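Visitor: One structure is given below, represented as structure tokens, and several questions about it will come after.
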Amino acid sequence: MVDFMTPEQRSRCMSRVKSKNTKPERLLRKELWRLGLRYRLKNDLPGKPDIVFPGKKLAIFVDGCFWHGCPEHGEIPKTNKEIWKKKINRNIERDSENKNALISDGWTVLRVWEHELNEDLNSVAMHIRECLSEITTH
């Protein structure tokens, strides 16, 4: 597919992509709240997890299929392919670094793909609830 925008228009458009309070994040938070699960959003943890349960040390990241290189749905644009490949691969590396930093500090880390929420939001929320019940606090 050929890009119909100028490089300047594309740059402006991409700079407006939100990184917090995305629709998938809001949907998951609403479902967790409905299940009676209370969480925190603001944190200074590595990678700034989207949802945190501090008492259980559970950090949840909601990953967009495009930006985080979903193996099922992540596609590299045909325009500027090498730049996008480098950017998305760096995002994947950073995700791994942040996960390892959290784990080494005693956190449990869950990563949820955007498509999982679109396919079965309730199952994802129930999985999180199960994880919370399995984590023992010290």
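Visitor: Checking Glu82 against (1) surrounded by 12 or more Cβ atoms within 10 Å (Cβ to Cβ); (2) of a type outside the set (Ser, Thr, Tyr); (3) at pLDDT 90 or above, which test does it fail?
Guide: (1)
Visitor: If a residue has to be of a type outside the set (Phe, Trp, Tyr) and either free of Cβ contacts under 8 Å to residues at least 24 places away in the same chain or open to solvent by 70 Å² or more (accessible area, probe 1.4 Å) (or both) to count, how many in region 34-49 make the cut?
Guide: Within region 34-49, residues that are of a type outside the set (Phe, Trp, Tyr) and either free of Cβ contacts under 8 Å to residues at least 24 places away in the same chain or open to solvent by 70 Å² or more (accessible area, probe 1.4 Å) (or both) number 9.
Visitor: From the set of residues in region 1-33 that are basic (Lys, Arg) and modelled with pLDDT under 75, which is least open to solvent (accessible area, probe 1.4 Å)?
Guide: Once the filter is applied, the top-ranked residue is Arg10.
Visitor: If you check His73, His127, His115, which single one turns out to be out of contact with any Phe, Trp or Tyr (no Cβ under 9 Å at 6 or more places or on another chain) and under 30 Å from Pro7 (Cα atoms)?
Guide: Working: His73 fails: out of contact with any Phe, Trp or Tyr (no Cβ under 9 Å at 6 or more places or on another chain); His127 fails: under 30 Å from Pro7 (Cα atoms).
The unique qualifying residue is His115.
Visitor: Filter region 97-120 down to the residues that are of a type in the set (S, T, N, Q), out of contact with any Leu (no Cβ under 9 Å at 6 or more places or on another chain) and surrounded by 12 or more Cβ atoms within 10 Å (Cβ to Cβ) and list them by number.
Guide: Within region 97-120, just Asn100 meets the criteria.
Visitor: If a residue must be out of contact with any Lys or Arg (no Cβ under 9 Å at 6 or more places or on another chain) and not aliphatic (A, V, I, L, M), how many such residues does region 96-113 contain?
Guide: Residues flagged as out of contact with any Lys or Arg (no Cβ under 9 Å at 6 or more places or on another chain) and not aliphatic (A, V, I, L, M) within region 96-113 amount to 5.
Visitor: Pairs under 8 Å by beta carbon, first residue among the small types (Gly, Ala, Ser) in region 50-64, partner assigned to a strand (DSSP E or B) and open to solvent by less than 10 Å² (accessible area, probe 1.4 Å), six or more apart or different chains?
Guide: Cβ pairs passing all conditions: Ala59/Ile51; Ala59/Val52.
Visitor: Condition first: open to solvent by less than 40 Å² (accessible area, probe 1.4 Å) and at pLDDT 95 or above. Now tell me which residues in region 122-138 satisfy that. Give the steps one after another, and end with the answer.
Guide: The first filter runs over region 122-138 and keeps only residues open to solvent by less than 40 Å² (accessible area, probe 1.4 Å), leaving 124-125, 128, 131-132, 135.
If the condition is that a residue be open to solvent by less than 40 Å² (accessible area, probe 1.4 Å) and at pLDDT 95 or above, then Val124, Ala125, Ile128, Cys131, Leu132 are the ones that fit.
Visitor: Would you mind stating whether Gly69 is closer than 22 Å to Glu25 by Cβ and among the small types (Gly, Ala, Ser)?
Guide: Working: closer than 22 Å to Glu25 by Cβ: yes; among the small types (Gly, Ala, Ser): yes.
Judged against the criteria, Gly69 is a match.
Visitor: Those residues that are among the aliphatic types (A, V, I, L, M) and assigned to a helix (DSSP H, G or I), I need them from region 109-129; list them, please.
Guide: Within region 109-129, Leu117, Leu121, Val124, Ala125, Met126, Ile128 meet the criteria.
The values are calculated or read from the model by the stated rules, or taken from the named source; none is laboratory data. In this text, all values refer to a predicted model and were calculated from it rather than measured experimentally. Cβ coordinates were reconstructed from backbone atoms using ideal geometry, including for glycine residues, and neighbour counts include every protein chain displayed. To get the accessible areas, we keep the full protein, side chains included, count just its heavy atoms, and leave off ligands, DNA and RNA. Shrake-Rupley method; radii C 1.70, N 1.55, O 1.52, S 1.80 Å.
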